1. Quick check on this structure: which one of 24, 4, 20, 94 is farther than 18 Å from residue 119 by Cβ and more than 14 Å from the chain's Cα centre (by Cα)?
2. Return the residues of the range 24-54 that are touching a residue at least 24 places away in the same chain (Cβ under 8 Å) and closer than 23 Å to residue 91 by Cβ; say none if nothing qualifies.
3. Mind checking which pairs have a first residue in the range 65-76 that is at positive phi and a second that is not in a strand (DSSP E or B), Cβ under 6 Å, 6 or more apart or different chains?
4. Spot the failing condition for residue 157; the list is (1) modelled with pLDDT under 85; (2) surrounded by fewer than 16 Cβ atoms within 10 Å (Cβ to Cβ); (3) in a helix (DSSP H, G or I), and only one is missed.
5. Please work out if residue 56 is closer than 24 Å to residue 160 by Cβ and either in a helix (DSSP H, G or I) or touching a helix residue (DSSP H, G or I) at 6+ places or on another chain (Cβ under 6 Å) (or both).
6. Does residue 18 satisfy the condition of being modelled with pLDDT of 95 or more and either exposed (fewer than 14 other Cβ atoms within 10 Å of the Cβ) or over 21 Å from residue 104 (Cα atoms) (or both)?
7. Output the number of the condition that residue 80 fails; it satisfies all remaining conditions of (1) modelled with pLDDT under 95; (2) under 18 Å from the mean Cα position of the chain (by Cα).
8. Whether any residue in the range 30-46 is within 14 Å of the chain's Cα centre (by Cα), crowded, with 21+ Cβ neighbours inside 10 Å and in a helix (DSSP H, G or I) is what I want to check.
């Protein structure tokens, strides 16, 4: 796939996708189903009300979640595809002990997205940045990134709203 993004687009998208609260929201719904109305704080008690509000607003604005009458907050198609990307990134990170042998799920995803980001911008579309590639745990690790990288490119190409540099209007 030859889709190219500007550095600003990649930076903006990775900022959204690597947000701990967005990762937690998307993966919680993916793993356990819709979150009933007024149960968000009880479902994700490790996040502050401010983090929950911002995550839910961003997830709605970018089409990751929707509110389904009777069931609550559920994943939209873009959110389900993002959950697949998160799973692939986390599996790669665990397999290669990246960034460390023991690490929080959302931190693994953030590090993998940060590792992949330089390869998506035109100036570095030939591979990972020399700095990030130096931190890979093995010579085969970069080749193993093909699936997470392909899923990220596919997700970004299918969700151009995530690459916008300007902040979307909050959804009320």
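1. 94
2. 24, 25, 26, 27, 29, 30, 33
3. Note: pairs meeting the criteria are 72/34; 72/36; 72/37.
4. (1)
5. Here the answer is yes, as residue 56 does meet what is asked.
6. So residue 18 does not fit the description; no.
7. (1)
8. Looking for residues that are within 14 Å of the chain's Cα centre (by Cα), crowded, with 21+ Cβ neighbours inside 10 Å and in a helix (DSSP H, G or I), one finds none in the range 30-46, hence no.
The values are calculated or read from the model by the stated rules, or taken from the named source; none is laboratory data. Here the structure is a predicted model, which is why all the values come from computation and not from measurement. We place every Cβ from the backbone using ideal geometry, glycine too, and count neighbours over all the protein chains shown.
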